[in-house]
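Written below as structure tokens is the structure these notes are about.
The values are calculated or read from the model by the stated rules, or taken from the named source; none is laboratory data. All of these numbers come straight from a predicted model, not from anything done at the bench. Neighbour counts run over all protein chains shown; Cβ positions are idealised from the backbone, glycine included.
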Amino acid sequence: MPKNAYAKINISLDVVNKRDDGYHNLKMIMQTVSLYDIITVEKSDNISITCTNPNVPCDESNIVYKCAKKLLDIRDKSYGFKIHIEKNIPMAAGLAGGSSDGATVLKEINRIYDLGFTMDELKKIGATIGADIPYCLEGGTYLCEGIGDILTKIDDFKYDKILLVKPPIDVSTPWVYKNLKLNEITIHPDTDKVINCLKNNNVSELKNCSGNLLQTVTEKEYSEISHIKDKMYSFGASFSMMSGSGPSVFGLFDNDDELNNAYEYFKLLYPDTFKVKTVNRV
Ligand code: ATP
């Protein structure tokens, strides 16, 4: 049976410090949204991966391959699998499309071959493949710390007027972290306040406490990201921010007219423009 693999947005993204291993400790508020890839996983004697987006690699570098193979290897099984990805989430967008596909495949391979892994085991295995995979396995509204793999459930954020715009800019995540000057940054998001805003559905207050530290890097290089954000506000958004390492920008609107006007405007400029809602059960 086909399964939905949902995109996520970062409602807040703080970088706490750089670790000795080169990774950064993060403090992020993550939220699943209603834009999704559709994944079908079937038993097979051979291994085959297909995807509707020709730019997605369908070889061993695909995250779904790594996830399926890892589970089968741990159980010492040489079974094949047939995976089809109907790709709707833009690639390399800061929306965790690949991680979400991977999380869905971990669950599906575990289920169809009855491998008996618990959710906690899947999360541990997933974390060795991608830092966002443990979160994608759970989905919903979470505080994610460490490299993104330490999860704390927070109250569900329910919001149905979100605009997502992905401009055609290629942002390399390693480049963003390399250019992040943590010691020059004096203002960090107040994550506790963000959690409170979401709990009380007080989205207009987010602009006073939320933020994305990675945006300080990408905005300097790609002014289009700032323009999209400014335009979101001029259409009436209560809050707008870049997701992850970009380049996707989202806007939270509080009425349908403003949301629809912004949608019409951005859709003409950027085909990857979507109206989405929060999703709290995946
Ligand atoms: P994140 O928000 O976690 O940083 P992202 O949305 O920026 O993720 P992805 O769409 O996950 O980025 O893709 C990053 C790269 O991973 C792509 O350039 C692609 O080559 C590779 N990739 C491997 N498997 C997949 C997949 N199933 N879907 C999309 N990209 C994949």
### Task
Determine which single condition Ser61 fails, assuming it passes every other condition in (1) under 27 Å from Cys144 (Cα atoms); (2) in contact with a helix residue (DSSP H, G or I) (Cβ under 7 Å, 6 or more places away or on another chain).
(2)
### Query
Could you list, in sequence order, the residues of the stretch 78-99 that are touching a residue at least 12 places away in the same chain (Cβ under 8 Å), more than 7 Å from the ligand (Cβ to nearest atom), closer than 25 Å to Asp45 by Cα and not aromatic (Phe, Trp, Tyr)?
Gly80, Lys82, Ile83, His84, Glu86
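Counting only residues that are over 26 Å from Met30 (Cβ atoms), give me the helices (runs of 4 or more DSSP H) lying completely in the stretch 48-136 with at least 1 of them. Outline the logic, then answer.
Details: elements: 63-74, 97-112, 119-129.
So the answer is 63-74, 97-112.
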### Query
If Gly246 passes every condition in (1) at negative phi; (2) under 18 Å from the mean Cα position of the chain (by Cα) but one, which one does it miss?
(1)
### Query
List the pairs whose first member sits in the stretch 271-282 and is part of a loop (DSSP other than H, G, I, E, B), whose second member is modelled with pLDDT under 95 and surrounded by fewer than 19 Cβ atoms within 10 Å (Cβ to Cβ), and whose Cβ atoms are under 7 Å apart, counting only residues at least 6 apart or on separate chains?
none
### Message
I'd like to check something: does the stretch 104-121 contain any residue that is within 16 Å of the ligand (Cβ to nearest atom), out of contact with any helix residue (DSSP H, G or I) (no Cβ under 7 Å at 6 or more places or on another chain) and closer than 30 Å to Asn212 by Cα?
### Response
yes
## Note on the structure
Per the filter on the stretch 150-183, residues away from the ligand (no atom under 16 Å from the Cβ), part of a loop (DSSP other than H, G, I, E, B) and in contact (Cβ under 8 Å) with a residue 60 or more places away in the chain are Ile154, Asp156, Phe157, Lys158, Tyr159, Asp160, Lys161
### Message
Is it the case, given these coordinates, that Lys27 is away from the ligand (no atom under 12 Å from the Cβ) and either within 19 Å of Thr191 (Cβ to Cβ) or acidic (Asp, Glu) (or both)?
### Response
yes
### Query
When the residues of the stretch 249-265 are filtered to those that are of a type outside the set (A, V, I, L, M) and under 21 Å from the mean Cα position of the chain (by Cα), which remaining residue is farthest from Val203 (Cα to Cα)?
Tyr263
